Amino acid sequence: MSNSPDGGSLTQAQSYALVVVAAVLLSAILAPVAYDRATQPDGTVAVVTIEGPITSNSATAVQKDLREARENESIDAVVLNVDSPGGGAAASEQLYLSVQRTAAEMPVVASVTSTGASGAYYAMLPAEDIYVTPASIVGSVGVRAAAPGPSLPGEVKSGPDKASATADQRRTQVETLQNAFVGSVMKHRSDDLDLSRTEVAHAKVYSGARAVDNGMADEIGSTQDAIRQAANAAGLDDYEVYRKDPPQTGGLLLLSADDGGGVVVERSPVGYETVDTPTLLMVYGSVQTESEVIGNVSA
């Protein structure tokens with residue numbers, strides 16, 4: 001028995017309808033997946049905070065944050081959220097090297113919310129842009145050191161310079177660090193600076209507005225502006241922001257903020273009251289020893 005033409009056409013129509021229904025159902029299932037993929041951000045901007053006096057502990061914590069950013073494939077740019085007067089010279093140099101390494105791998109932009117001076121300014125020099133507010137404090141390109149202390153009465157030393165450095169040696173240390181600091185400023189900022197090397201070495205501080213005028217900073221803007229610039233430098237149209245918590249450093253610190261906004265240099269932890277260990281600082285503001293602060297407190 002042969003099939004009629006009408007029956008064959010009906011079968012073909014039913015098959016076609018089934019194919020269409022299957023296609024509609026499949027597209028309905030896959031559409032949310034395709035939508036999710038289309039709305040995923042292009043990448044991530046990480047915000048790393050440098051806050052308070054720079055110590056060996058806080059520098060180590062920030063270095064860890066920067067290393068994690070470099071090693072995380074989903075992070076495409078970094079913003080340094082800076083509010084610091086600087087601190088220990090060695091710790092500030094370590095931060096500078098860590099920021100420089102990060103900037104070699106991805107865009108880094110700095111944002112000074114209040115203070116970005118001395119060692120903190122040193123640390124953010126490798127950033128391709130420095131954003132400030134008009135009233136931010138920027139600059140203080142300089143180094144300071146405590147004066148040499150006395151030797152223990154009647155002590156016997158293996159060499160004349162054991163434990164305490166002479167004034168000339170301390171001065172040489174300061175000059176070496178200062179040359180490195182000023183040299184880094186000229187290396188990273190020379191194309192924008194309206195200041196000579198000698199003027200930079202005067203260690204003046206500038207308001208954010210003045211810093212933009214003389215080339216110590218690049219733009220007036222907020223941290224959000226810095227984030228947008230970092231994303232733009234990384235080629236991100238749609239991005240998410242990952243904010244690292246400020247480092248929580250415990251244990252013994254070399255520096256701590258006093259109630260007046262300055263920096264307190266604490267005593268040597270080894271217990272030798274008359275041994276003066278070298279304390280080289282890249283810090284803006286007043287500096288006192290712990291005993292001076294205690295002596296200035298009245299009942």
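No lab work stands behind these numbers, since they all come straight from the coordinates. On a predicted model such as this, the values are computed, not experimentally measured, just so you know. Backbone-built Cβ (ideal geometry, glycine too); neighbour counts: all protein chains shown.
Brief remarks on what is shown
- Region 127-136, residues that are surrounded by fewer than 24 Cβ atoms within 10 Å (Cβ to Cβ) and over 14 Å from Asp192 (Cβ atoms): Thr133, Pro134, Ala135
- Scope region 102-125; condition touching a Ser or Thr at 6+ places or on another chain (Cβ under 8 Å), surrounded by fewer than 24 Cβ atoms within 10 Å (Cβ to Cβ) and closer than 19 Å to Ser190 by Cα; matching residues: Leu125
- Inside region 67-93, residues that are of a type outside the set (D, E, K, R) and under 19 Å from Leu236 (Cβ atoms) make up a count of 9.
- Of all residues in region 191-216, none satisfies the criterion of being farther than 14 Å from Ile130 by Cβ, acidic (Asp, Glu) and under 23 Å from the mean Cα position of the chain (by Cα).
- Unique residue being out of contact with any Asp or Glu (no Cβ under 9 Å at 6 or more places or on another chain), buried (at least 18 other Cβ atoms within 10 Å of the Cβ) and closer than 17 Å to Gly142 by Cα when the list is Val174, Val182: Val182
- Only one of Val200, Val212 that is of a type in the set (A, V, I, L, M, F, W, C), within 17 Å of Thr115 (Cβ to Cβ) and assigned to a helix (DSSP H, G or I): Val212
- Taking region 204-237 as the range and being out of contact with any Asp or Glu (no Cβ under 9 Å at 6 or more places or on another chain), polar (S, T, N, Q) and in contact (Cβ under 8 Å) with a residue 12 or more places away in the chain as the test, the residues that pass are Ser207, Ser222, Thr223.
- Pairs with Cβ under 6 Å, 6+ apart, first in region 178-196 and closer than 15 Å to Arg210 by Cα, second among the polar types (S, T, N, Q) and assigned to a helix (DSSP H, G or I): Asp194/Asn214; Leu195/Asn214
- Residue check, Ser92 surrounded by 20 or more Cβ atoms within 10 Å (Cβ to Cβ) and either under 23 Å from Leu193 (Cα atoms) or hydrophobic (A, V, I, L, M, F, W, C) (or both): yes
- Of the residues making up region 69-101, those that are within 12 Å of the chain's Cα centre (by Cα), over 15 Å from Val138 (Cα atoms) and among the β-branched types (Val, Ile, Thr) are Val78, Val79, Val99.
- Looking only at region 69-84, and only at residues there that are among the small types (Gly, Ala, Ser) and surrounded by 22 or more Cβ atoms within 10 Å (Cβ to Cβ), the one that is farthest from Val47 (Cα to Cα): Ser84
- Residue check: Asp194 meets all listed conditions (1) part of a helix (DSSP H, G or I); (2) surrounded by fewer than 16 Cβ atoms within 10 Å (Cβ to Cβ) but one, namely (1).
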